Structure formats: structure tokens, C-alpha cells
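Q: Following this message is one structure expressed as C-alpha cells.
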Ligand SMILES: [Mg+2]
């Protein structure tokens, strides 16, 4: 898949995320838009997973620790054929498996998440199992930056380095916002790179919306004996001008008029992408 | 540091046990550790996960024999459970071993979400449960774990009474398809079962039959109930003793049968009287439309008295003497009421 095709996918994913959230009347808009490019690269270029590998013990694992951004994950999984996209219309409805946080009822989802600070310890366990079995799979998790205030992350960070889990990658969706406002104002976790470095991790920085750069950093071999933290600098609400960097869009649901406006902007982005390609 | 552990049994209780032909075994904790090692030798997917608790968990020999199957995470119970869930999700049969007080309080959200909600084949092992740590104080007591876990969907809760039940419970947990919580203490336990004993999850064991009164007990209070029943038999009272090793799912039929056939029911647990075995039995009995004289014996809702485990058992009437007195009292009141 070319970078151009991948960029078009990202725009389409954003459109589907917004439509899903607007239809459901609930969802985490800002964070889904900030991580959707990361998920795009993971599922289309990096993870060795498919609807055929659901039970394969050697498949790569992805656990979304920032479970609230599940709409982005659902949209990407639907696109990858894990379930028919039409099923997503039941998002947040009575008896739907498409709950507002990931559950294993949905094909392709490895663990039930949503309470913060849980994904990294789980992934340490999965990566340890991989080491015990000499299995070649890789384990990925996506963390929110507000989420880093949960101490369990740092327990897991310590254990990952102790066990030299170079099959583990934690991606930080570093959009610097959380529900209350700027992470630095709520409870500052900067400099976050130095924290992971001092815990014994390899740390890489990347523009979390640059698909080529994400591809490079996610496909790169790990530093032997070290878990990897990829700090993906992102923009909360990315792709919709009036949602970008606005904390209230953390779980804001677009009105009909706002949705129309947002979709028009994304439509324009498709045009610009086509032009850039030509 | 470890507090000195005076015997859980008075001289009279020991004499009663002798008359019953019971022999003192080892702590259930040791029976657990030996059984787990035995299982793990034949199944390399079994892993023990500890939070600086391999010594307390009697797992030092396990770590020496099977170093690759013992995973140490340091003093970090949330991480202990999260990692155990991840190991299980990736195909391991993980046993997270930590003092019950920390495991089921600090890591309760990990048990609820990562283990139960995600439905992985992980076993939570709460060692030195209840007031096993005695004089170390309430930070080290777990009087809430049965209540908390009863309210969480998708976990079997086992509190074995003696070494036999412990071995069977560990084997059953190793084969379980869904989450299991194992709870036991560290005091040496009398063997309560004969050679033809059977252990089945969800099925109470009738250790003594009788219809004057039923003791429905769980974990390490069962032996005291057996001794109390023996004591009462000397006065012509025939008491039933049920070892309710499975607190969830509870053996509903055994509880109803006891409530129907016996003149009174006493439940016994090393746990708060709130939300544990006693209230579970009370709900079943009321739902069945029965109302026998009924008493819950456990730790009341107060600042727990200080002292050793033996002191605490004696203080709250959980020993042979206390239970026999409670039985006499409830039966006398029942007669007065008639
Ligand atoms: Mg954030």
C-alpha cells in the first residue's frame, strides 16, 4: 500500500469515526482523531494480524490501553475485515458488542480495556509469555498521555526493562491534552522521554500524523534487550479545524451542523491529497 | 517480620481432635506450594507470578526447581495481576500469588477487568488470608475479599479447609477455563477427610451429619466447627458440618437442605460478617421461603481486636469453645421460642 493510499485511508477513517460517534450520540472524538493515524499504520503495515489469525498463538498483539478511543479502533478493524462495517451502526446500542470501550466480544480485540493504566502491565505479561515460548511475535500497546498519571504504568515500565522485553512497544499518543485541560497543568508528566529513558527503555520520537515516519519507527528493529517507547506527538481532534487542540472535544459529540462542517473539511482534504499526488 | 504464632487450638480442642482421630497436617499454604510445583513440573505453561512473595508463598523450592516458570514482579500487586492476565491471555496458566490483603484490595480493579471481565485463565492466590497475620494488624488482614469477589462476575471463589481440599482446589484451578480465586492461611491444619473423600467445585462436603444444628463453614474455620460438633455430640446434640470450600458458586441445594432439616443454622467464616459466606447463605435461605434460627459468625464490623490469629478467633467466638457455646445458645433460644 502506498503512502498516498494510506493517507486517503486516514481521511476515510476520520470520517467514519465522526459518523459513528454522531450516530451513537456518544464517544471519544478528540482522542480517536489523535490516534487514528497510528492505528492506520499499525494495522495496515506493521501488525501481523488478520481475521485469519484470531486464534494463532504466533500473531502479534495490540492492546489499546487508552480504551476510550475505541471508535478509531473499531473503524480500522472494520476496514481490515474483522467484522462487517455495517455492524458498527450498533455502537453503544442495547446488546451491541460495540461498547464504548474495547471488549473481546469484538473480533480482533485482545483484551477488555477502558480503566486506565491496565494495558501496559497486560502487555508485559504477553511479551513475557512470548519470551518464555521463544515466540517471534511483537506486542504493542497505545497509551494516552493523561493516562501516565496511573502508577501501574510505571510498575510495568520497570518490569519491562527488568525482563529486557525488546518484543514490547508502547506507543504514547502524546497530544498533551486530557479531559480537564493541558496535561502539564493537570499533573505534569514531562519530560516523559527522560522518564522512560531512565526506566531503561529505548525511546523514539515521531510525528504521530506522519504516516511514513510512523511506518519507519514502528517497523524498525528494537534495540536488543530493551522495550521501546514511541512518543508520537499528536494533535487531539486532528483533521477537523474546530476540534484540534480543544479539550472539550475529548468526549464531545458533534451536532448535525458540526458533523456536516467536519465532513466537508475532510472531503476537502481528500481533494488536496489527490492534488498532491498528481 | 513474622509474629509468633500460638496454637490455634486449646488443649481441650487438641484432645477432642485426638479423640476424633484427626492428625495435624501442614499449613494449607505449603500444601498449595507443593501441589503447584508438582503440576508445573508436568506442564511448562503453568507459571507462578509473585510480588516479592515467593518466601511468604512457600515458593522458594518452586523457583529453584523451575526458575523459568516463576516470574517475580517486585512489590507491585497491580502489576502482578495485570502481568498474570497478559500471560494467561497469551496461553499461560498463571497463578498470581500474593497476600490476600494486598492482592484483593490494591489490585481489585485488575482482578475485575484484566482477569474477570477479559475472562482469562488466571488464578488469583490469596495467601495468609483472613486474620492469618494476626498481630501484624489490620493492614495485613483480608476481611473483605469474599465480599468483593462475590460481587464481581466470572470468578470462582475457593477457600479450602485442609490439606486435602487445598490440593484438590489447586488441581481444579489449574484445569479451570475461567478465573479462580484461591484463599487460605498459614496455620497447620488437621486433616478432615477420609480416604474416599471427593472434592468438586460448587459441591459442599458433609463432614458430619446431624439435624440438631448445621454449621456451614468455609476455609480454616471448618476444623473448629468439626471440633465444636464433636464437643456438642458429647451432650447428645447431633450437628451437621458442611465444608463450604466453594463460596462462589455456592452449593444452594446443600444450604437449603441444611435449613430444612436442621433446627438451626450457624455460618462460620474468617471474614467480615458483611458480604461473605453468611450473608450468601442467608439470602439463599430467605429466597427459599425458610426461616430457621440463624447466626453469622465472623469478624464483626468494628476495629478488629488486636492479637494473634488465635487471639482473634477466640475473641470472636470462632474456636471450638466459642462455636459450641453459640450452638447451645441458639438451640436454647429456639426451644424457648417454641
Ligand atoms: Mg491525551
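The values are calculated or read from the model by the stated rules, or taken from the named source; none is laboratory data. Treat the numbers as computed from the prediction; the structure is a model and nothing was measured. FYI the Cβ positions are ideal-geometry reconstructions off the backbone, even for glycines, and counts take in every protein chain you see.
Q: Please go through (1) more than 7 Å from chain B (Cβ to nearest Cβ); (2) over 15 Å from the mean Cα position of the chain (by Cα); (3) part of a loop (DSSP other than H, G, I, E, B) for residue A:127 and return the number of the only condition it doesn't satisfy.
A: Condition not satisfied by residue A:127: (3).
Q: Which residue pairs have Cβ atoms under 6 Å apart, sit 6 or more places apart or on different chains, and have a first residue in the range A:217-242 that is at pLDDT below 95 and a second that is surrounded by 22 or more Cβ atoms within 10 Å (Cβ to Cβ)?
A: Matching pairs, first to second residue: none at all.
Q: Can you tell me which residue is surrounded by the most Cβ atoms within 10 Å (Cβ to Cβ) among those in the range B:70-81 that are more than 8 Å from every other protein chain (Cβ to nearest Cβ) and over 19 Å from residue B:183 (Cβ atoms)?
A: Once the filter is applied, the top-ranked residue is B:70.
Q: When the range A:18-45 is examined, which residues are found to be away from the ligand (no atom under 16 Å from the Cβ), over 19 Å from residue A:140 (Cα atoms) and in a helix (DSSP H, G or I)?
A: Matches in the range A:18-45: A:18, A:19, A:20, A:21, A:22, A:23, A:24.
Q: Could I ask something else about it? Among the residues of the range B:311-321, which ones are part of a helix (DSSP H, G or I) and closer than 16 Å to residue B:271 by Cβ? I'd like the intermediate steps shown before the answer.
A: Of the residues in the range B:311-321, the ones part of a helix (DSSP H, G or I) are B:311-315, B:320-321.
Once the filter is applied, which keeps residues that are part of a helix (DSSP H, G or I) and closer than 16 Å to residue B:271 by Cβ, the range B:311-321 yields B:312, B:313, B:315.
Q: From the list B:127, B:111, pick out the single residue that is within 14 Å of another protein chain (Cβ to nearest Cβ) and surrounded by 20 or more Cβ atoms within 10 Å (Cβ to Cβ). If you could, list the steps in order and put the result at the bottom.
A: Details: B:127 fails: within 14 Å of another protein chain (Cβ to nearest Cβ).
It is B:111.
Q: Further question on the same structure: Does at least one position in the range A:28-40 carry a residue that is in contact (Cβ under 8 Å) with a residue 60 or more places away in the chain, away from every other protein chain (no Cβ under 14 Å) and farther than 22 Å from residue A:178 by Cβ?
A: yes
Q: Can you tell me which residues in the range B:84-93 are in a helix (DSSP H, G or I) and within 7 Å of chain A (Cβ to nearest Cβ)?
A: Initially, the range B:84-93 is screened for residues in a helix (DSSP H, G or I), giving B:84-89.
B:84, B:85, B:86, B:87, B:89 - these are the residues of the range B:84-93 that are in a helix (DSSP H, G or I) and within 7 Å of chain A (Cβ to nearest Cβ).
Q: Additional query: Condition first: under 15 Å from the mean Cα position of the chain (by Cα), within 14 Å of chain B (Cβ to nearest Cβ) and within 16 Å of the ligand (Cβ to nearest atom). Now tell me which residues in the range A:136-151 satisfy that.
A: Listed by number, the residues that qualify are A:141, A:143, A:147.
Q: Among the residues that make up the range B:247-256, is at least one of them under 19 Å from residue B:326 (Cβ atoms) and buried (at least 17 other Cβ atoms within 10 Å of the Cβ)?
A: Yes; the residues of the range B:247-256 include at least one that is under 19 Å from residue B:326 (Cβ atoms) and buried (at least 17 other Cβ atoms within 10 Å of the Cβ).
This table checks each residue for (1) modelled with pLDDT of 95 or more; (2) in contact with a strand residue (DSSP E or B) (Cβ under 8 Å, 6 or more places away or on another chain); (3) farther than 20 Å from residue A:61 by Cα.
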position	(1), (2), (3)
A:143	yes, yes, no
A:164	yes, no, no
A:197	yes, yes, yes
A:200	yes, no, yes
A:207	yes, yes, yes
A:212	yes, no, yes
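Q: Select from the range B:49-69 the residues that are within 14 Å of another protein chain (Cβ to nearest Cβ), surrounded by 13 or more Cβ atoms within 10 Å (Cβ to Cβ) and more than 20 Å from residue B:116 (Cβ to Cβ) and list them in ascending order.
A: B:50, B:52, B:66, B:69, listed by residue number.
Q: Residues being at the interface with chain B (Cβ under 7 Å from one of its Cβ atoms) and either in contact with a strand residue (DSSP E or B) (Cβ under 8 Å, 6 or more places away or on another chain) or buried (at least 22 other Cβ atoms within 10 Å of the Cβ) (or both): count how many of those fall in the range A:98-112.
A: Residues in the range A:98-112 being at the interface with chain B (Cβ under 7 Å from one of its Cβ atoms) and either in contact with a strand residue (DSSP E or B) (Cβ under 8 Å, 6 or more places away or on another chain) or buried (at least 22 other Cβ atoms within 10 Å of the Cβ) (or both): 3 in total.
Q: Return the residue satisfying two criteria in turn: it lies in the range A:153-183 and is more than 16 Å from the ligand (Cβ to nearest atom) and part of a strand (DSSP E or B), and of such residues it is farthest from the other protein chains (Cβ to nearest Cβ).
A: Here the answer is A:169.
Q: Give the residues of the range A:113-124 that are surrounded by fewer than 24 Cβ atoms within 10 Å (Cβ to Cβ) and within 7 Å of another protein chain (Cβ to nearest Cβ), sorted by residue number.
A: If the condition is that a residue be surrounded by fewer than 24 Cβ atoms within 10 Å (Cβ to Cβ) and within 7 Å of another protein chain (Cβ to nearest Cβ), then A:115 is the only one that fits.
Condition check ((1) within 14 Å of chain A (Cβ to nearest Cβ); (2) surrounded by fewer than 23 Cβ atoms within 10 Å (Cβ to Cβ); (3) modelled with pLDDT of 95 or more) across all residues:
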| residue | (1), (2), (3) |
| --- | --- |
| B:95 | yes, no, yes |
| B:141 | no, no, yes |
| B:148 | no, yes, yes |
| B:160 | no, no, yes |
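Q: Counting only residues that are closer than 30 Å to residue A:138 by Cβ and out of contact with any helix residue (DSSP H, G or I) (no Cβ under 7 Å at 6 or more places or on another chain), which one in the range A:227-265 is farthest from the ligand (Cβ to nearest atom)?
A: Going through the qualifying residues, I end up with A:228.
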